[in-house]
Every structure is written in structure tokens, then in C-alpha cells.
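Report on the structure given below.
The values are calculated or read from the model by the stated rules, or taken from the named source; none is laboratory data. Predicted model, so just to flag it, every value in this text is computed and none were measured. Cβ coordinates were reconstructed from backbone atoms using ideal geometry, including for glycine residues, and neighbour counts include every protein chain displayed.
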Amino acid sequence: MKRLAATSIVACSTLVLAACSSGGTSAGNGAVVSEATFTMATAGDPGSLDPATAVQGNTNLLLSFAYDTLVHTDQNNTIVSGLATKWSVTPDAVTFTLHQGATCSDGSAVTPEVVAKSVNHTVDPKTKSPIVGVLVPADVKATGDNAKGTVTLRTKKPSQFLLQSAVAMFIVCGKGLDDPKTLAGKTSGSGPYELTDSVQGDHYTLVARKGYTWGPGGSGTGDKGVPAKVVLKIVANESTSANLLLSGQLNAGIYTGADRRRVEHAPGVLTSTLPDGNGEFFFNQNGGRPGADPAVRQALARAVDLDQLARVDTQATGKKSTGMTTLSPRPCKVDSVSGHRPSYDPAAAQAALDAAGWKAGPDGVRAKNGKKLSIRVVYDNDFGPGTQAGAEFMADAWKKIGVAVDLKGMADAAWNDVIFKSGDWDVSEVPIGVSLPSQLLAYLSGPTVPKGTNFAGIHNDRYDKLTAQAAAGSVANGACTTWAQAESALFDDYDVVPVAERTQLVASKNAKVVIPGGLAQPTMFRMLKG
């Protein structure tokens, strides 16, 4: 997820809880080349490399080369083997049988007890991991049985997505597990690659481990065409990244801005279009702000042509929104948006404000009880030019119905501080990227900031009731329908306004890449002859 992060929520440029892209492969017909170096651009430095604290898309991308997870997802969102070769699921537990012979990068054995220690360290409150309670259930406990070769993850209450949650748990082993402080700048995992060189802000180099055979579906570093070396190059400017890719100095990059079309139509470039979180906007309902008034939320939502906004905001690269979960493995795919998305009706918007007592003044700005209807719209400049254009489009629509608008763009870090700390905002696009509906709970209900992560101050009784029902059920018995009904309740009350599903372009040259859920599966990569 990046983009938001509340760690940030949405992933790839900002919040990614496990990932920003979701399932996809660039396919080509070139001859496979072995012992080659794969070079990929990332938009920012990954920062700390401790898996327990990683929320940024750039960080998780790097970690997916060096660390294993118990299971992976394939391009069809199906769970496939990783460190675990098989698994059994009960309502409150999953028992994994580990691959025999798996080793850490320091040569030590990856046993069930090692895996259990890694999981328990992540969820330990002392670790203060931001992924706990979002990507990983807060009440999960791991138990390893070396004799049986199994590790069991168990929760206090039934957890219908516990297996899928394992996709987001990087397993630490070896020296890093004994001394987690060393993980900030080093890797200590059982993954197919080991970090051998890094220059902050410039590049990170990883070298393939010999004898690695426990990748997705049993793939390994010895498979023909798997890169011998991986270089992740920090390229902040997307135009520069595009130039490097087209000139052959990069093998892959991710594009969401103006250079996307240039890359997409260039000869010799292989592409996949993948989900990148939802485009949706929220109203700040905290502290008596305008968004706390349901009539104001309704008016602001209905005054905007959402279809046109979708084209502007995504630069015509988005898809129709069908729900608030978009990323792999996405076990719930029930449409929660159709029939619940606000219809465009400026006259109805003005009528709602009139009925609520918001009357137009001499300057055309509405007021109530002597207080003008003025809103502060903030947006993240790092989300790209479409986000700014979308914010301006909304501001123009709102001014036409008598709302004063203060439009403010800001850098990613400042935007996150405003959304999650200061709370000085009224409307913002917050593109959340998650794979499980349960991952949304902390952001759409419960304690508000700064004590919690309910950044918009949403208190929707129907949502709370329906999510409780859904969490107590099972996917097989219709829980996904109940989760969808809960999302619809948010749309009906104008707590969240769905606009479009964002996409990103994963482009490669002289290489085939597989990056489901924003996590690389490098043993599925293939270097191709140019």
C-alpha cells in the first residue's frame, strides 16, 4: 500500500502497507541470458532496511529481493509456496510446513523456531512495528516445532485473512534476528539475494545466493535467466528514469506521470499496467470542521463531476473504482461502489446547503451563524501532476456553489504530517492501497489522530456494525459481501468519495519482471538478450 502511510497509507510513493502494484508480468520473446545484471530505478531511497518497520514501497521492493515470506501470490492472486511448501487453515490458525534445507544468508538453518521468533519479534509491542494491526494481526502468535518442521500462526479470535497476511511478513534469520539493531543498514534473510553494497541516495547492490531453491513455486537462483546481480538505482525524477530505460541503462522502472505514455509506446519496451491504490477523497470530520456537517459533505461530493475528475486525476490512466481494496492477493472482489457513488448534481448540492442553513453572502460565499463556509484542500505534490489538477478541478466546482477554497500542495512528508498529526485540512485525496478489507479498519474507524490512525475522524455506526459481522464470518460463507456492504455505508454517508482506481506502468527492457503486490519475485525474473 503506499500512498497513505500512517505509517503512510498508500504505498509506492508514500504509504504502502505491503505494496503498490498488484500482480503482473512483462512478457517478451527475446532469448534468455544468464549471469546478467538487472538494474531497476526506484523513486526514493529505502531508508531503514528493518523489515519490522518498513512501510514505504521503495523499501519493501528492496526487501523482497533479500527476504522470504512464508507464502507468495501469483499473477492470478492465488497463494503459492514460499518458505512454506504447504499449509493448513483453521478459523484462528494457519500451520505451515517449511521447506527443508532453507538457509539464511549467513549459512544458518531457517527452522520453524527461527520463523516463529521473527514473527513474534515483529508483533512484540516493544518493536513498535507500524505494520502490526494493519498488515499483520496484532494478536498473532507464532509457535515453531522443529521436530515436525512446522510453524503455526494463531490469533486469539478467528482471523479469516491470516493466510493472506503471511504474504506481508518478511522472515528475518541469522545474526539480524539476534541483534535487530543491525538490520537498519544490512540484510539478514533467507531470500534469493544478499545486499553487498549500498550508497544512500544513489544505489543498492544485491548478489544472488547460490543454492537458493525455495522461491515461488520452487523457483531458484539457478534457473536459467535469473539475474546474477541486482542494482536498485535511486532516480527521483521520472523523466530521467524514462530516459535511462529507453537508452538501455536501466532494465525496469515504474511510471505514473507524464512520461508514462512515452515509455509505454517505445519500441522494445515490455509493459504491464498494475493497480496503484484507489483515488478517493476524504473530509476531515474532526474538531467541528466543515466536514463534520453531513450536508456539507453531501454538497461537496455532488458538486463534482466524478467521472471527469477521474480522467483529470489519473490523467486518463485509471479504471472504474469497484471497492477500497485493490492490491494482491485481494480475496474479496465484491463491488461496493456501484449504486453508492455520489451522482453529479450541482443543483442538489446547493439545495443541501440551503436546507442546512448555509446562505450565500454578498461576496457569493456561504455562511452560517456568522461563520463562512471555507475549506482547506491539501494534496501531495509527490502523487504527480494529476493530483494537483484534480484538486484544482474540485476547487473550481466548489467555488461555484459558494464555498471558499484554500488550495495547498505540499511535499510528501509535510502532507503526511498534516493528515496524521496537525489535522489542519478539510479535504484531501488519500489514495489507500491495501489488499484486505480488514486492513482498512484502523483508518476508517476507532481512535482518531494523534492517538489513533482514523485520520478523517469517521464514526459510521453502519460501517462499525457491518465490519464486526464480517470479521466474525468467513469468506466461504459470504463475509466478502458484508465487507462490501460496510464500504458502501461509508459512501452512502459521504465519509469517503470513490473516484477511480489508480494504475501504474511497470516497464522493462531486455528483461521480464514479476512484481505482484509491489513485492518482487526475482527468481521469476528473466534477463533477455537485447
message = What are the pairs with Cβ atoms under 6 angstrom where one residue, in segment 100-128, is under 17 Å from VAL71 (Cα atoms) and aliphatic (A, V, I, L, M) and the other, located anywhere, is surrounded by fewer than 19 Cβ atoms within 10 Å (Cβ to Cβ) and at pLDDT 95 or above? Sequence gap at least six, or different chains.
response = ALA116/THR143
ask   = Looking only at helices (runs of 4 or more DSSP H) that fall completely inside segment 417-530, which ones have 2 or more residues that are among the acidic types (Asp, Glu) and surrounded by fewer than 22 Cβ atoms within 10 Å (Cβ to Cβ)?
value = 461-472
request  = Starting from residues that are touching a residue at least 24 places away in the same chain (Cβ under 8 Å) and in a strand (DSSP E or B), keep the ones in segment 357-373 and report whichever is surrounded by the most Cβ atoms within 10 Å (Cβ to Cβ).
outcome  = ARG366
query = Within segment 300-321, restricting attention to residues that are of a type outside the set (S, T, N, Q) and in a loop (DSSP other than H, G, I, E, B), which residue is nearest to the chain's Cα centre (by Cα)?
reply = GLY318
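For every residue, the table says whether it meets (1) over 28 Å from LYS156 (Cβ atoms); (2) basic (Lys, Arg); (3) modelled with pLDDT of 95 or more.
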position: ASP74; (1), (2), (3): yes, no, no
position: ASN77; (1), (2), (3): no, no, no
position: GLY82; (1), (2), (3): no, no, yes
position: CYS104; (1), (2), (3): yes, no, yes
position: ALA109; (1), (2), (3): yes, no, yes
position: GLU113; (1), (2), (3): no, no, yes
position: VAL119; (1), (2), (3): no, no, yes
remark   = LYS229 passes all but one of the listed conditions (1) farther than 22 Å from ASP124 by Cα; (2) free of Cβ contacts under 8 Å to residues at least 60 places away in the same chain; the exception is number (2)
ask   = Inside segment 378-393, can you point out the residues that are crowded, with 18+ Cβ neighbours inside 10 Å and without any contact (Cβ under 8 Å) to a residue 60 or more places away in the chain?
value = VAL378, TYR379, ALA391
ask   = Would segment 322-340 turn up any residue that is outside any loop (DSSP other than H, G, I, E, B), in contact with a Pro (Cβ under 7 Å, 6 or more places away or on another chain) and either over 30 Å from VAL167 (Cβ atoms) or at pLDDT below 95 (or both)?
value = no
request  = For segment 450-470, state whether one or more residues are of a type outside the set (Gly, Ala, Ser), over 20 Å from the mean Cα position of the chain (by Cα), at pLDDT below 95 and under 18 Å from ASN286 (Cβ atoms).
outcome  = yes
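To keep it simple, each residue is scored yes or no on (1) among the hydroxyl-bearing types (Ser, Thr, Tyr); (2) buried (at least 17 other Cβ atoms within 10 Å of the Cβ); (3) touching a residue at least 12 places away in the same chain (Cβ under 8 Å).
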position: ASP145; (1), (2), (3): no, no, yes
position: ILE171; (1), (2), (3): no, yes, yes
position: LYS175; (1), (2), (3): no, no, yes
position: GLU194; (1), (2), (3): no, yes, yes
position: ASP197; (1), (2), (3): no, no, no
position: LYS233; (1), (2), (3): no, yes, yes
